1. What number comes out for accessible area per residue over the stretch 99-195 if the probe is 1.4 Å? Units Å², please.
2. So for each of 91-100, 178-187 I average, over its residues, the number of other beta carbons within 10 Å; can you give me the resulting order with the highest mean first?
3. Tabulate in residue order the Karplus-calculated ³J(HN,Hα) for the stretch 91-100, using 6.51 cos²θ - 1.76 cosθ + 1.60 with θ = phi - 60°, rounded to whole Hz; enter x for Gly and Pro.
4. Collect residues whose amide H, placed 1.01 Å from N in the peptide plane, falls under 5 Å from the amide H of GLY104; neighbours closer than 5 in sequence don't count.
5. Leaving out ligands, DNA and RNA, and with a 1.4 Å probe, what % of the accessible surface on the stretch 125-218 is carbon or sulfur?
6. Summing +1 for each Lys or Arg and -1 for each Asp or Glu, what net charge is found among the other residues whose Cβ lies under 10 Å from the Cβ of ARG116?
Amino acid sequence: MSGMNSRTLAAVAVVVNLTVCALAAVVVLVVRDHDVAPVAAPAASSPVPTTSAPLSTLVTTSSAVPATTSAPAVPGGTQPVSGPAGITTVIPAGWQVKPTSAPGSVQATDPAQPARFLRYGGSPSPGKALLAAQQDYERTFPRGHAGYRLIGLEPTTVREAEAVAWEFEFQADVGLKHVKSVYWRAQGVDYFVYGSSVVSGWTDMQVIFDAALSAAKP
């Protein structure tokens with residue numbers, strides 16, 4: 001009887017040990033997944049001077065954002081990608097894609113110039129109008145971004161959908177950065193394409209951004 005109990009206890013110990021090992025493996029996978037965290041749309045560094053002009057003087061109505069197949073060709077070619085909420089677009093061939101720390105956003109980074117990247121994605125629309133939501137975010141944005149300067153925050157359209165174009169600069173560890181992002185609302189989802197590079201490289205990045213926005217769907 002005691003021998004039987006010993007065998008039973010040994011079997012239980014093996015099962016418990018296997019269960020603990022399995023749980024440990026799950027925890028490791030979860031931690032690794034959450035380690036991947038480039039910051040979600042808009043990125044940056046530290047404290048903040050804001051713009052001297054009030055926001056209302058900087059918000060204007062622009063012409064429609066180009067979203068056609070006529071975007072300039074990207075040197076080296078592009079590759080198709082898909083992302084959160086069913087967004088599809090193109091990125092430069094060879095760029096590395098990883099999720100960001102924010103749900104609904106992924107980032108494609110130039111491996112040769114890590115300060116140059118695209119972000120794209122989508123998430124459920126809030127109850128607020130798209131322009132009003134972006135204006136609210138823009139007012140708080142300078143608090144965490146040194147040298148923030150608003151270039152434009154404008155209502156526009158993307159393939160006849162309600163959209164907002166936001167362009168700005170700020171001081172980052174790598175130097176002065178230029179950012180342009182376009183958000184559009186379609187079928188209850190707010191989609192976006194966001195491009196960032198150092199100011200000295202923005203001319204090339206503008207071509208990449210235009211190609212991504214032109215190809216982005218829905």
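The values are calculated or read from the model by the stated rules, or taken from the named source; none is laboratory data. Bear in mind that the values here come from a model prediction, so they are computed numbers and not experimental data. So basically every Cβ, Gly included, is an ideal-geometry build from the backbone, and we count neighbours across all protein chains shown. Only protein heavy atoms, including side chains, enter the accessible area calculation; ligands, DNA and RNA are left aside. Shrake-Rupley method; radii C 1.70, N 1.55, O 1.52, S 1.80 Å.
1. Details: 3850 Å² over 97 residues.
Accessible surface, normalised per residue, equals 40 Å².
2. 178-187, 91-100
3. 10, x, 4, x, 6, 9, 9, 9, x, 9
4. none
5. With neighbouring chains kept in place, the figure for the stretch 125-218 is 53 percent.
6. Residues close to ARG116 contribute a combined charge of -1.
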